[in-house]
1. So what is the relative contact order for chain A, in percent, with contacts set as C-alpha pairs under 8 Å and at least six apart?
2. About its Cα centre, what dipole magnitude does the range B:112-251 give when the only charges are +1 on Lys and Arg Cβ and -1 on Asp and Glu Cβ, stated in debye to the nearest 20?
3. Check the straight Cα-Cα distances from A:Lys236 and name the lysines below 21 Å, setting aside those fewer than 8 residues away within the same chain.
4. Using alpha carbon centroids, what distance separates the range A:130-201 and the range B:315-372, in Å?
5. Put +1 on the Cβ of every Lys and Arg and -1 on every Asp and Glu Cβ in chain B; which of B:Thr190, B:Tyr293, B:Phe392 then has its Cα farthest towards the positive end of the dipole?
6. Can you return the aspartates and glutamates within cross-link range of A:Lys163? Criterion is Cα-Cα under 17 Å, with same-chain partners fewer than 8 residues away left out.
7. In terms of Cα to Cα distance under 30 Å, which lysines are near enough to B:Lys345, apart from those fewer than 8 places away along the same chain?
8. Could you tell me whether the protein assembly as shown comes out rounded, prolate or oblate from its Cα gyration tensor? Rule is a ≥ b ≥ c as square roots of the eigenvalues, rounded for a/c under 1.5, then prolate if a/b exceeds b/c, otherwise oblate.
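Rule-based calculations on the coordinates, nothing more; no lab input. The shown structure was predicted, so the numbers you read here are calculated from the model rather than taken from an experiment. With ideal geometry, Cβ positions are generated from the backbone for all residues, glycine too; neighbour counts draw on all protein chains shown.
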Amino acid sequence: MDVEAYIRARKKVRAPLLMTHVVCGYPSFEDNMKELEIMAQYGVDFVELQFPFSEPSADGPLFVKANQESIDHGTRVAQCFEFMARVTERFDFKVLMMGYYNTAFKMGHEAFIKRLKAAGACGYILPDLPIEEAKELHALSEEAGLFPVILMTPTNTDERLEKLGAVAKGMVYAVARKGVTGSKTEMSNEVATFLERCRKHTDLPLGVGFGVSNREDLDFIAANADIAIIGTAALKAWESDREKALDAFFTGLGLTKS
Amino acid sequence: MDLFDFEEGREGYYGQYGGTFLPEILTTTIEEIKHCFRECKNDPGFWAEYEQLLQEYSGRPTPVTHLPNLSRKLGGAQIYVKREDLNHTGSHKINNVIGQGLLTRRLGKTRVIAETGAGQHGFATATMAAKFGFECKIYMGEVDVKRQRPNVFWMENLGAEVVAVQDGQKTLKDAINECLRDWVTNMANTHYVLGTACGPHPFPEMVSYFQSIIGREAKRQIHELAGRAPDRVYACVGGGSNSIGIFQGFMDEDNIDLVGCEAGGMGPGLGRHASRLAYHDASVGVAQGYKTYFLQNDDGNMLETQSIAAGLDYIGINPILAHLWEHKKVRFEAATNDEVREALKLVMATEGLIPALESTHAFVTAIAEAPSMSKDEIILVNMSGRGDKDIFTVADALEDDHWKAFIKNKAGEYGR
């Protein structure tokens with residue numbers, strides 16, 4: 001089933017859909033698997049597996065630490081692909097690779113796409129790869145049936161949003177505010193206006209991320225977009241009290257376990 | 001050769017190096033800077049104001065000095081030095097900072113941020129911010145804060161906030177990441193004063209443009225002093241701003257050997273140095289907004305770097321220099337920490353000059369090569385900064401007992 005059909009089917013079950021995030025190898029691959037088990041129980045629809053990078057300049061403090069510690073523990077790219085294959089084998093949610101462009105550049109575009117495909121991913125998010133530099137990678141993705149997640153941001157002009165919309169596939173990631181991952185976003189009229197601007201330039205499902213952390217945020221996203229993207233808040237919960245806190249976090253979002 | 005006459009659709013590229021690789025949130029900000037810089041470059045009044053300001057504020061033009069004692073001792077080429085150490089704040093960094101200060105004003109922004117390694121760029125930025133009336137925040141790796149306290153002291157007293165960056169290896173590259181994080185949040189009122197000719201386009205071009213003042217002056221001065229162009233020009237290369245600055249004065253002449261001197265640290269081997277081109281431990285990658293040679297592993301994660309000079313301790317290199325190196329227009333050599341200590345002692349003792357540890361890397365290579373050149377050949381070394389700031393590091397390296405006693409005594413006074 002292609003991703004748009006998947007999203008349509010899932011939307012009949014709930015609103016908004018949910019996309020969550022783990023940093024591969026942090027605190028460990030075993031812990032990642034436990035986090036994903038809980039995410040699966042709550043019916044998460046998409047999961048980003050972040051491949052750790054030494055220079056995560058678009059991430060906030062918690063993810064910076066997670067990237068760094070994972071690399072310090074010796075996490076390698078090959079292990080992230082192996083882990084991804086195990087995850088896609090085991091769970092029903094769709095999996096995306098998230099990371100920085102150098103990971104793809106260093107192994108070569110073809111190898112990157114081939115390995116993602118083999119590991120069962122449906123797409124990838126490379127926030128430091130602008131569309132002008134992504135033509136070859138996007139063409140290879142299309143052939144392989146993978147989609148690159150394009151980011152739209154509140155500082156973009158309408159002209160730029162139009163360009164972004166023209167190359168987007170699968171879904172669009174709307175960045176709710178300026179800044180890095182992890183600090184709170186006030187889901188205000190300003191965000192709603194921005195999402196309307198995004199909507200003018202794409203018909204694809206809209207995911208909203210950066211600072212999404214509670215039920216009110218989810219309700220806001222349900223009313224204004226399609227997918228709530230939760231990153232830091234879930235890792236924060238895991239760090240505070242592992243399974244118990246992560247479970248409580250999802251319950252607090254008003255979700256029920258299957 | 002006009003390095004900045006880009007091919008259609010290849011703006012910001014030097015061969016295969018350079019480009020702009022930034023999060024989408026910065027696209028509008030970068031476009032704004034590109035537009036503003038283009039205006040400045042095409043406005044003759046802008047360069048005139050820039051030059052005037054550096055003359056009044058920083059004492060430019062800095063002189064070129066002949067080193068007769070050192071030349072005689074080595075018995076080969078005549079050595080001349082371009083004295084960027086005589087700038088206000090003690091290094092070439094002020095050139096770029098004054099240029100970007102004028103740009104910040106034109107952009108209508110009121111706050112500047114900067115990364116710094118040795119502290120020279122942070123120091124220069126803090127000075128500029130005080131002069132222009134900008135709010136200023138400097139990001140500096142915790143390791144560098146510890147080894148360059150005198151510069152931190154001045155930055156803070158000039159009114160800048162200095163943040164000791166705790167991530168990664170806690171040096172220059174981590175300070176750059178922290179600046180990018182600040183910038184994606186505060187770009188509405190903030191200009192990022194990048195200190196070296198690295199990072200996303202248009203920074204390599206912009207920093208090279210401002211630093212070209214070194215080469216423009218030096219070309220004229222060496223002709224006046226020595227009657228002709230130099231045979232070889234040496235400059236240290238961390239990010240690669242002082243080197244591209246002086247090289248631009250001599251690039252149009254084919255027979256001038258341009259030599260970039262990198263941090264050889266403890267010698268070749270992964271993680272032991274910060275040499276991207278002279279040793280063969282680096283490969284092409286994309287990080288911190290641009291494509292160039294990086295010291296990285298097979299996964300594309302960056303390696304640890306090592307150098308006695310905080311200002312050379314960087315994973316990537318000016319993409320323009322990577323391109324020129326590939327086309328054999330610039331030669332690269334590395335100087336080890338031990339060689340730097342010896343060269344510094346020699347230059348101090350024979351000429352009474354105190355180059356910064358960074359600049360001493362250029363002296364190492366010049367000193368090694370001068371003896372095999374003839375007496376009528378001419379060497380020009382870019383002394384990018386002065387060594388006063390390194391007093392703690394140098395005193396340690398020289399195991400100076402009088403200094404140790406002084407510090408103990410001072411510590412005792414503070415302890416009371």
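1. Reported relative contact order: 21 percent.
2. Dipole about the Cα centre, nearest 20: 440 debye.
3. Counting by Cα, and skipping residues close in sequence, A:Lys236 has these lysines nearby: A:Lys34, A:Lys65, A:Lys178, A:Lys184, A:Lys244, A:Lys257.
4. 46 Å
5. Working it through, the farthest residue towards the positive pole turns out to be B:Phe392.
6. Cα-Cα hits under 17 Å: A:Asp128, A:Glu132, A:Glu133, A:Glu136, A:Glu196, A:Asp203, B:Glu24, B:Glu31.
7. Candidates past the 8-residue exclusion: B:Lys73, B:Lys82, B:Lys93, B:Lys146, B:Lys170, B:Lys173, B:Lys219, B:Lys375, B:Lys389, B:Lys404, B:Lys408, B:Lys410.
8. Details: a/c = 2.05, a/b = 1.89, b/c = 1.08.
In terms of gyration-tensor shape, prolate.
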